[in-house]
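Here the structure comes first, spelled out in structure tokens, and everything after it is commentary.
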Amino acid sequence: MSDTIQELYGRKGRNITDHDAQEITRVEELAYDLKISDVMTRDIKTLSPSDTMRSVVDLLRQNRISGAPVMDGDSLVGVISQEDLMRALADHDREALISKYMSSNVITVKSYEPVIKALETFARSRVGRLPVVDEKNNLVGMITKGDITRGVLTAIRRDYQEEEIRRYRASHLFEDIISDRTSLILRYKIKQGDFVNGGQASSHIKRALLRLGAPPQLARQCGIAVYEAEMNLIIHSTNGGVLRVQVEPHRILMQTSDDGPGIPDVKQALTPGWSTASSLAQSMGFGAGMGLVNIQRCVDKMDLDSTPGKGTKLLMEIHLRPDEKFKAPPGASETPSV
Amino acid sequence: MKLSEIIHHAKGTVLNPSILINDYEIIGGCGSDLMSDVLAAVKPGAVLLTGLCNPQVVRTAQMADVRAIIFLRGKQPSTEIVALATQENIPLISSDMGMFELCGRLYKAGLHSYESNWIGFHE
């Protein structure tokens with residue numbers, strides 16, 4: 001088993017302190033998602049209370065670990081660590097039994113609990129390693145702060161790789177599927193008045209375009225246009241509406257439709273600054289009469305068709321320029337290894 | 001200008017320190033409470049100064065590739081807003097300064113306007 005990060009750092013005199021463990025914020029989310037069993041060391045070396053402290057020296061040195069659980073038959077009776085060993089060495093008491101120096105007040109964590117539980121226990125108990133037990137209280141592993149650091153780093157790397165793989169796969173969609181005309185259609189239902197989730201559909205659309213390998217500038221333009229259109233559905237429609245995006249290798253067609261109330265004067269609606277938005281919409285930073293004007297600036301072609309009492313259809317079209325095309329992101333020319 | 005310098009000028013507090021931001025390079029600035037104005041004018045890579053404090057600020061930033069948001073006059077976004085920004089990897093900063101003062105300070109420190117004057121995307 002290779003060294004844990006903590007053990008590597010430990011030798012350089014740098015360690016993760018209890019204060020750090022309480023303050024770590026980047027790992028917070030993962031600390032709740034990851035289970036202790038995901039990050040713990042399973043390959044555990046155990047000692048017996050009747051072994052001598054000399055055998056502790058050998059075990060720690062050979063396995064390059066900083067502590068080990070002490071088992072009396074099947075039951076966990078203590079933990080012996082480097083610190084305990086140093087006390088024994090200071091006393092010139094290498095032949096003493098482990099039972100004399102081990103911590104017998106054993107704090108354990110459960111394998112199925114989230115990592116945050118172990119972090120809290122570390123911060124509270126000031127120990128460096130915790131035995132991990134299963135539902136039946138059987139010892140199944142050991143966990144150190146180093147294991148947690150490594151587990152979290154691995155999880156972060158995995159997240160990153162998953163996104164890379166998604167991008168790789170999606171970006172080949174238009175190349176791998178052969179037809180006379182390939183298009184991908186995305187549909188989203190937008191709720192009237194839902195300011196809290198407003199922009200979520202647009203957020204998904206922008207991400208989808210980036211995964212498909214769209215140039216970032218193009219994804220941004222589409223993102224801004226659909227976001228304004230999505231907010232228009234939230235602000236103005238009677239019953240919400242539908243946002244539909246059709247992605248093709250040479251163009252992107254975005255469309256919103258609703259069933260009312262409709263716009264009495266389309267020309268007026270297109271005037272910069274003209275607004276009929278509620279004060280609620282305005283308090284959200286919208287409804288300044290710039291939405292449709294913004295959309296027009298982002299797209300090559302915009303069509304607004306509305307009948308009062310029936311509904312509104314907004315069509316937005318962006319053509320990819322000759323130098324713009326969907327392509328795999330740099331570095332994704334080969335399938336990333338998992 | 002590095003985001004850490006901007007935070008220093010703003011005497012700001014980072015609200016989602018879990019995002020590693022010290023070396024974020026900010027190319028320009030934009031100040032507005034109107035999200036449509038931001039969407040219309042901001043160039044990618046800017047810091048956004050705003051007095052508005054709701055989830056749409058983060059969505060706007062995400063759509064327009066804004067790199068960081070500064071909430072002015074000590075406004076504190078809700079935990080939902082902070083979570084959304086963290087998910088989208090957008091640093092949120094709270095500053096006690098007002099719009100005019102912070103825009104002025106950052107401009108004087110060499111951060112230029114990143115608001116285009118009605119130049120469309122397809123020029």
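Please specify each residue of segment A:256-277 satisfying the condition of being closer than 19 Å to residue A:193 by Cα and either part of a strand (DSSP E or B) or touching a helix residue (DSSP H, G or I) at 6+ places or on another chain (Cβ under 7 Å) (or both). If you could, list the steps in order and put the result at the bottom.
Restricting attention to segment A:256-277, the residues satisfying the condition of being closer than 19 Å to residue A:193 by Cα are A:256-263, A:275-277.
The answer is A:256, A:257, A:258, A:263, A:277.
Is it true that residue B:67 is touching a Ser or Thr at 6+ places or on another chain (Cβ under 7 Å), among the basic types (Lys, Arg) and crowded, with 16+ Cβ neighbours inside 10 Å?
Details: touching a Ser or Thr at 6+ places or on another chain (Cβ under 7 Å): no; among the basic types (Lys, Arg): yes; crowded, with 16+ Cβ neighbours inside 10 Å: yes.
The answer is no for residue B:67.
Note on segment B:27-47: residues that are touching a helix residue (DSSP H, G or I) at 6+ places or on another chain (Cβ under 8 Å), among the aliphatic types (A, V, I, L, M) and within 11 Å of chain A (Cβ to nearest Cβ) amount to 4.
Would you call residue B:80 without any contact (Cβ under 8 Å) to a residue 40 or more places away in the chain and over 16 Å from residue A:198 (Cα atoms)?
no
Checking each residue in segment A:279-310 for being at pLDDT 85 or above and at positive phi picks out only A:309. Counting the residues of segment A:113-144 that are modelled with pLDDT under 90 and at negative phi gives 14. Of all the listed residues (A:235, A:263, A:224, A:252), the sole one being away from chain B (no Cβ under 14 Å), crowded, with 16+ Cβ neighbours inside 10 Å and touching a residue at least 12 places away in the same chain (Cβ under 8 Å) is A:263.
In the set (1) at the interface with chain A (Cβ under 8 Å from one of its Cβ atoms); (2) out of contact with any Pro (no Cβ under 6 Å at 6 or more places or on another chain), the condition left unmet by residue B:65 is number (2).
In segment A:98-111, the residues that are assigned by TED's automatic domain parsing to the domain that holds residue A:127 and under 12 Å from residue A:76 (Cα atoms) form no Cβ pair under 6 Å with any partner that is surrounded by fewer than 16 Cβ atoms within 10 Å (Cβ to Cβ) and among the hydrophobic types (A, V, I, L, M, F, W, C), whether six or more places apart or across chains.
Being surrounded by 19 or more Cβ atoms within 10 Å (Cβ to Cβ) and within 28 Å of residue A:219 (Cα to Cα) is a property that residue A:160 lacks.
Which residue is nearest to residue A:119 (Cα to Cα), if the candidates are limited to segment A:152-204 and must be assigned to a helix (DSSP H, G or I) and of a type in the set (S, T, N, Q)? Before you say what the answer is, go through the steps one by one.
Here is the first cut: in segment A:152-204, the ones assigned to a helix (DSSP H, G or I) are A:152-171, A:173-176, A:200-204.
Those left that are additionally of a type in the set (S, T, N, Q): A:154, A:161, A:171, A:200, A:202-203.
On the way: A:154: 17, A:161: 26, A:171: 40, A:200: 33, A:202: 37, A:203: 34 Å.
Looking at residues that are assigned to a helix (DSSP H, G or I) and of a type in the set (S, T, N, Q), I get A:154.
Go through the residues of segment B:88-111 one by one and say whether even a single one is touching a residue at least 12 places away in the same chain (Cβ under 8 Å), within 12 Å of another protein chain (Cβ to nearest Cβ) and hydroxyl-bearing (Ser, Thr, Tyr). The answer is no; no qualifying residue exists.
For segment A:279-329, how many residues are more than 9 Å from chain B (Cβ to nearest Cβ), in contact (Cβ under 8 Å) with a residue 24 or more places away in the chain and small (Gly, Ala, Ser)? Looking only at that region, the number is 5.
The values are calculated or read from the model by the stated rules, or taken from the named source; none is laboratory data. All values reported here derive from a predicted model rather than from experimental measurement. As a convention, Cβ positions derive from the backbone with ideal geometry for all residues, glycine included, and neighbour counts pool all protein chains shown.
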